Amino acid sequence: MEGERRASQARSSGLPAGGADGDSPGGSAPFPGSSGSSALLQAEVLDLDEDEDDLEVFSKDASLMDMNSFSPMMPTSPLSMINQIKFEDEPDLKDLFITVDEPESHVTTIETFITYRIITKTSRGEFDSSEFEVRRRYQDFLWLKGKLEEAHPTLIIPPLPEKFIVKGMVERFNDDFIETRRKALHKFLNRIADHPTLTFNEDFKIFLTAQAWELSSHKKQGPGLLSRMGQTVRAVASSMRGVKNRPEEFMEMNNFIELFSQKINLIDKISQRIYKEEREYFDEMKEYGPIHILWSASEEDLVDTLKDVASCIDRCCKATEKRMSGLSEALLPVVHEYVLYSEMLMGVMKRRDQIQAELDSKVEALTYKKTDTDLFPEEIGKLEDKVECANNALKADWERWKQNMQNDIKLAFTDMAEENIHYYEQCLATWESFLTSQTNLHLEETSEDKP
């Protein structure tokens with residue numbers, strides 16, 4: 001009975017009723033304390049000199065990849081049993097597979113929009129079938145994200161790509177933009193599917209399985225306008241009051257988020273500039289080869305040499321194009337996704353603070369007896385449980401997010417480094433081959449001239 005009661009409370013809070021993930025109930029080693037925290041944070045994130053735009057990534061001793069994740073001791077308030085709940089390890093066998101493909105344009109008298117086909121294959125018993133196929137537009141993804149944030153305010157929801165593209169980059173319905181968005185939406189859904197809590201969200205299941213009219217009907221079942229306005233007013237009021245005594249662990253977390261946001265935004269800016277300059281270099285190099293071919297027509301003695309130079313340029317041009325493709329498909333999306341993640345994290349911290357601010361206001365009102373206090377002890381007890389649940393959810397998800405972030409960024413930069421090495425080796429081999437052939441030709445001509 002005790003286990004069932006705990007599982008019931010866990011489900012009502014939106015957390016898994018899972019057991020330990022190999023750690024003690026107290027969690028792993030705590031985040032470094034306030035002493036020297038600024039120096040530690042500087043060492044833990046990407047070291048980047050803003051003045052000279054000099055990118056120094058991942059030193060051996062201090063980098064994002066080597067950070068010790070933070071997981072403070074969970075509270076032991078008798079008002080809640082949520083301190084016994086932790087995220088379970090992800091299952092060894094994946095049972096939910098999602099594919100986003102086949103974007104399709106729709107033109108109406110009012111608007112033009114794109115829908116994407118979503119194919120879901122699963123072996124989970126809560127699904128009515130093993131395979132589903134639906135079409136969703138961007139607004140549907142926005143709805144899902146909002147429902148997840150509403151149900152799990154302090155879990156780290158994966159970010160969606162921006163609604164509008166940056167001015168001057170590509171047109172809204174350009175094929176490249178649509179493909180970039182499709183990949184981002186695919187990653188968004190699969191990150192949710194891989195999350196130990198979000199993957200079992202009922203709205204997520206409906207999003208994957210319901211036909212368009214069913215989804216539309218389900219959306220209308222949400223809270224009414226007045227209810228949503230009331231929630232917004234309360235949230236704004238809480239944010240205006242602020243949090244007087246934010247726990248030290250969340251101060252450290254907030255400091256990390258601010259510094260991470262600063263660094264990842266700068267890396268995103270530099271990466272975009274590198275890609276732009278690489279594109280300009282590639283466009284000029286494409287014109288360089290044909291010029292040598294034209295030149296060879298007017299230089300009878302240099303025909304073979306000039307044609308060989310043109311051939312080398314052409315091969316280097318193809319290698320450059322391949323490297324650019326790797327940059328745009330592997331590095332840039334990962335960096336930009338974590339730019340969006342940094343914004344999501346700030347939102348999560350804000351929602352956590354709003355929950356705590358609501359509790360603080362009740363405690364303050366009780367202290368100064370500003371209103372009828374007969375029901376306050378019960379209300380405060382519920383709010384304390386709510387704050388504890390929100391804190392524990394964020395701390396557990398924070399660990400998971402940081403591990404994923406470290407793996408993703410490390411893999412992206414490692415792949416880029418390997419791609420650059422291969423690119424320069426290929427170009428070097430091309431020009432060395434040219435020099436060798438020219439040297440041999442020169443030796444042959446010299447030997448023929450000897451008596």
message: Please go through (1) within 24 Å of Glu425 (Cβ to Cβ); (2) free of Cβ contacts under 8 Å to residues at least 12 places away in the same chain for Ser271 and return the number of the only condition it doesn't satisfy.
response: (2)
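Take Met344 and decide whether it is within 24 Å of Ile192 (Cβ to Cβ) and of a type in the set (A, V, I, L, M).
Considered against the rule, which asks whether it is within 24 Å of Ile192 (Cβ to Cβ) and of a type in the set (A, V, I, L, M), Met344 comes out as yes.
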- request: Confirm whether Lys187 is open to solvent by 30 Å² or more (accessible area, probe 1.4 Å), of a type in the set (Lys, Arg) and modelled with pLDDT of 90 or more.
  value: yes
message: For a quick check of your reading of the model, give me the residue pairs whose first member lies in the range 115-127 and is loosely packed, with under 15 Cβ neighbours inside 10 Å, whose second is hydrophobic (A, V, I, L, M, F, W, C) and assigned to a loop (DSSP other than H, G, I, E, B), with beta-carbon atoms closer than 9 Å and at least 6 apart or on different chains.
response: Ser123/Leu93
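If you take the residues in the range 151-165 that are touching a helix residue (DSSP H, G or I) at 6+ places or on another chain (Cβ under 9 Å) and surrounded by fewer than 20 Cβ atoms within 10 Å (Cβ to Cβ), which one is farthest from Gln354 (Cα to Cα)?
Ile165
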message: If Cys317 meets every condition in (1) touching a residue at least 40 places away in the same chain (Cβ under 8 Å); (2) open to solvent by less than 20 Å² (accessible area, probe 1.4 Å) apart from one, which number is that one?
response: (1)
- prompt: Does at least one position in the range 297-305 carry a residue that is open to solvent by 60 Å² or more (accessible area, probe 1.4 Å) and among the polar types (S, T, N, Q)?
  reply: yes
task: Determine whether the range 332-351 contains at least one residue that is open to solvent by 20 Å² or more (accessible area, probe 1.4 Å), modelled with pLDDT of 85 or more, of a type in the set (Gly, Ala, Ser) and farther than 17 Å from Pro159 by Cα.
output: no
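The values are calculated or read from the model by the stated rules, or taken from the named source; none is laboratory data. Everything numeric in this text was worked out from a predicted model, so none of it was measured. Here Cβ is always computed from backbone atoms with ideal geometry, including for glycine, and neighbour counts include all displayed protein chains. Heads up: the accessible areas ignore ligands, DNA and RNA and are worked out on the full protein's heavy atoms, side chains in. Shrake-Rupley method; radii C 1.70, N 1.55, O 1.52, S 1.80 Å.
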